[in-house]
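Every number in this text was worked out from the coordinates using simple rules, so none of it is lab data. Since the model is a prediction, treat every value here as computed from it, not as a measurement. Backbone-built Cβ (ideal geometry, glycine too); neighbour counts: all protein chains shown.
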């Protein structure tokens, strides 16, 4: 049993709300280290109120203990999670499962400009590929997603928001 | 017809065995969808208060920011299943959830900085400090501004309130990212991203309602007029805020006043709405929400919010 194996196990645990993504692909897995015989996994919340944190922690401890590791989970708040941290593989998995992947996150710095016009993103429908889509709501079924509708195939879809 | 009671010791096993697969692993509650214990939102985070920073002042400041979020989160969550349509219901629930997350981190930070702020609970109580702060303080222990606590009106009233609070809070959090307290700085950096969505959501609805129908405009102006006297309190610097700002830990709200005005002016102008002409709601002998002086509405809200937790101070959920 090595730290590399522990990392491999931790990296394979999936997100409870978007199970097509591993915690690593989502970018919330920040580190795996050994501390006095115990495996310490560090994760970061996507949003402050992310209700899936406890489940992620339990899933990590569970999977690692199945693999023979004594594990605990710590939280890292800084740097704050960004949708830019979703890996290429993660973005592919999102699209394959009918979710639209986020574009580049807005850059921080200076007073944050007000956006009064509806948010415009250049998206394509994850089902039919059409670029004719419209925003239904900036807030979706989970904190990290917005709701869209494709005006070509008429199917609704979710878009992972840029933060 | 009767069913025999299943024998838990039967060797044949039953359908629930799978659920208990890991019951012998200490701390492994993964058979439960959301676990069975409380999790520390700051697990593993170094909460040492930087040297020469007054821990009591830092804790008091975190309570102010945390209580604003907690109380407004509760008000916004009252829209659940009551919003004008499903999309807005979900949007408001998301905003409430973000604020609740901010509140949880800030109350946990307050408790870690100065455990003296946490109400005492019966021995053996599993309630974590941030929950003790949320559920076991009376109204006069809360440090939120009164703008966050007054009862909901209609949807337009909520749009106006979220716009006012999110605009001021975003400006404060933006500067708070440079706090000398690394925990507070990290909480602020996360919050900025969320509050940007809240502010812009409310601003868009503000414009939509103002330029919508006669009725939507009437309601928006009514909501704004009702809330306006409570707004100055949010931009007034309390001595605790002045102290933490001087120490490079906090932000004096008065210092972001101009920035907040610019954003609000932009929204008001594009919406064709005049700034209401109403004086600030006075405190009582100079005391306002930040001093624990609240409107009656907060006690009523807390009675509902806290009743279950208070009935079971040693409960495990």
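Under conditions of 20 °C and 1.002 mPa s, segment A:98-160 yields 171 µm² s⁻¹ as its translational diffusion coefficient, taking Rh as the Kirkwood radius over Cα pairs in the Stokes-Einstein equation.
Approximating the spin labels as points 7 Å out from Cα along Cα→Cβ, the residue B:255-to-residue B:85 distance works out to 4.3 nm.
Relative to the longest principal axis of the Cα atoms of chain B, the long axis of helix B:257-271 lies at roughly 80 degrees.
Between 0 and 90 degrees, the angle of helix B:296-311 with respect to the longest Cα principal axis of chain B falls at about 10 degrees. Can you give me the P(r) profile for segment A:3-75? Cα pairs, bins 10 angstrom wide beginning at 0, each as a whole percent. So the P(r) values, bin by bin, are 22, 60, 18, 1. Our compactness index for chain A, the C-alpha radius of gyration over the empirical 2.2 N^0.38 Å, is 1.16.
The protein assembly as shown has equivalent-ellipsoid semi-axes of 37, 29, 23 Å, by the square roots of 5 times the alpha carbon gyration tensor eigenvalues, sorted largest first. Looking at the P(r) of segment B:52-183, how many percent of alpha-carbon pairs lie beyond 27 Å? For segment B:52-183, the share of Cα pairs beyond 27 Å comes to 24 percent. Seen from all sides and averaged, what is the projected area of the convex hull of the Cα atoms in segment B:177-279, in nm²? Approximately 7.2 nm², given one-decimal rounding.
For each of A:161, B:190, count neighbouring Cβ atoms within 10 Å of the residue's Cβ, then give the residues from fewest to most.
Result, fewest neighbours first: A:161, B:190.
Separation of segment A:99-163 from segment B:137-154 is 34 Å, based on Cα centroids.
Quick one: order B:142, A:157 by neighbouring beta-carbon count within 10 Å, fewest to most.
A:157, B:142
Each peptide in A:120-131, A:69-80 gets a packing score, the mean of other Cβ atoms within 10 Å over its residues, and the list from highest to lowest is A:69-80, A:120-131. Relative contact order of segment A:98-160: 33 percent, from C-alpha pairs under 8 Å at least 6 residues apart in sequence.
Across the alpha-carbon atoms of chain B, the computed radius of gyration and Dmax are 22.3, 77 angstrom. Take every pair of alpha-carbon atoms less than 8 Å apart whose residues are at least six positions apart; their mean separation over the length of chain B yields a relative contact order of 22 percent. Divide by every residue of chain B the summed helix terms, -39500 (n - 2.57) for each DSSP H run of at least 4, and state the resulting mean residue ellipticity at 222 nm, rounded to the nearest 500 deg cm²/dmol. Taking each H run of at least 4 residues, the total per residue is -17500 deg cm²/dmol. The alpha-carbon atoms of segment A:29-123, seen along their principal axes, cover 53, 35, 22 angstrom, with the largest extent given first. If you average the alpha carbon positions of segment B:258-317 and of segment A:1-26, how far apart do those two centres end up, in angstrom? Measuring centre to centre over Cα atoms gives 42 Å.
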